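Novice: A single structure is presented below for examination.
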Amino acid sequence: MVRVMKPMFEPEEFETFVLYPYRIFHVRLFFKKIVGEDRVMDFYAYVDCYRGVVERGDGFIDLIDFEAKEEQIMEHLVDYEYARRMAIEKAVAWGNLRVISWWLPKAEVVREAEAYKVFWISGNKIIDSLTGEVFEGFL
């Protein structure tokens with residue numbers, strides 16, 4: 001059993017699936033300001049643990065337990081420390097676009113999880129379980 005991002009799309013028929021690795025972070029930033037009130041902002045970073053890319057999320061996605069065989073789970077090529085550091089760095093960059101401050105914000109990881117994204121495989125199609133996007137001709 002592994003934790004996966006709750007699928008939004010599931011084809012009626014599929015042959016198998018593959019689980020793609022992510023780490024999800026809820027990062028809270030505390031900005032100190034010279035004028036006006038200090039600001040607190042929340043950011044959600046989804047770290048692709050295969051490519052090392054960080055995506056911004058709207059919230060902490062729902063996770064469910066999912067049964068899979070070991071050969072259906074892709075390995076993490078990005079370790080935990082790197083993923084955490086990248087999530088915080090990106091959150092600070094996103095926050096600095098919205099708040100003007102003389103100081104770097106204090107960052108706190110409020111919540112985190114290791115999870116996988118499900119990609120359904122049917123024939124020569126790969127289907128993204130969160131967006132429903134279909135990729136053809138890869139298999």
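Novice: Looking only at region 11-48, how many residues end up being assigned to a strand (DSSP E or B), aliphatic (A, V, I, L, M) and more than 21 Å from the chain's Cα centre (by Cα)?
Specialist: Residues in region 11-48 being assigned to a strand (DSSP E or B), aliphatic (A, V, I, L, M) and more than 21 Å from the chain's Cα centre (by Cα): 1 in total.
Novice: Do you know which residues across region 59-72 are surrounded by 16 or more Cβ atoms within 10 Å (Cβ to Cβ), over 29 Å from K33 (Cα atoms) and hydrophobic (A, V, I, L, M, F, W, C)? Please lay out each step first, then the result.
Specialist: Narrowing region 59-72 to residues surrounded by 16 or more Cβ atoms within 10 Å (Cβ to Cβ): 60-61, 63, 66, 68, 72.
Filter again for over 29 Å from K33 (Cα atoms), leaving 61, 63, 66, 68, 72.
Result: I61, L63, F66, A68.
Novice: In region 120-129, what count of residues is obtained for those that are surrounded by fewer than 20 Cβ atoms within 10 Å (Cβ to Cβ) and in a strand (DSSP E or B)?
Specialist: So in region 120-129, the residues surrounded by fewer than 20 Cβ atoms within 10 Å (Cβ to Cβ) come out as 121-126, 128.
Narrowing the set further to residues that are in a strand (DSSP E or B) leaves 121-122, 125-126, 128.
Residues that pass the stated criteria total 5.
Novice: Restricting the first residue to region 118-139 and requiring it to be more than 16 Å from L19 (Cβ to Cβ), which pairs with a second residue that is at pLDDT below 95 and among the basic types (K, R) meet a Cβ separation below 6 Å and a spacing of at least six or different chains?
Specialist: Note: pairs meeting the criteria are V134/K125; E136/K125.
Novice: Now, a different point. Does at least one position in region 63-74 carry a residue that is free of Cβ contacts under 8 Å to residues at least 40 places away in the same chain and touching a strand residue (DSSP E or B) at 6+ places or on another chain (Cβ under 8 Å)?
Specialist: no
Novice: Here is a follow-up. Look through region 33-54, keep the residues that are within 17 Å of L97 (Cβ to Cβ) and modelled with pLDDT under 95, and return whichever of them is surrounded by the fewest Cβ atoms within 10 Å (Cβ to Cβ).
Specialist: Looking only at region 33-54, we keep the residues that are within 17 Å of L97 (Cβ to Cβ), and these are 33, 39-45, 54.
Pick out the ones that are also modelled with pLDDT under 95 and you get 33, 39.
On the way: K33: 13, R39: 16.
Here the residue is K33.
Novice: Name the one entry in R85, R111 that is farther than 22 Å from E37 by Cα, out of contact with any Lys or Arg (no Cβ under 9 Å at 6 or more places or on another chain) and either of a type outside the set (K, R) or without any contact (Cβ under 8 Å) to a residue 24 or more places away in the chain (or both).
Specialist: None of the other options fit; the residue is R85.
Novice: Considering each residue of region 76-115, count those that are crowded, with 16+ Cβ neighbours inside 10 Å, of a type outside the set (A, V, I, L, M, F, W, C) and part of a helix (DSSP H, G or I), and give that number.
Specialist: 3
The values are calculated or read from the model by the stated rules, or taken from the named source; none is laboratory data. No experiment lies behind these values; they were computed from the predicted model shown. Glycine also receives a Cβ, built like all others from the backbone with ideal geometry; neighbour counts cover every protein chain displayed.
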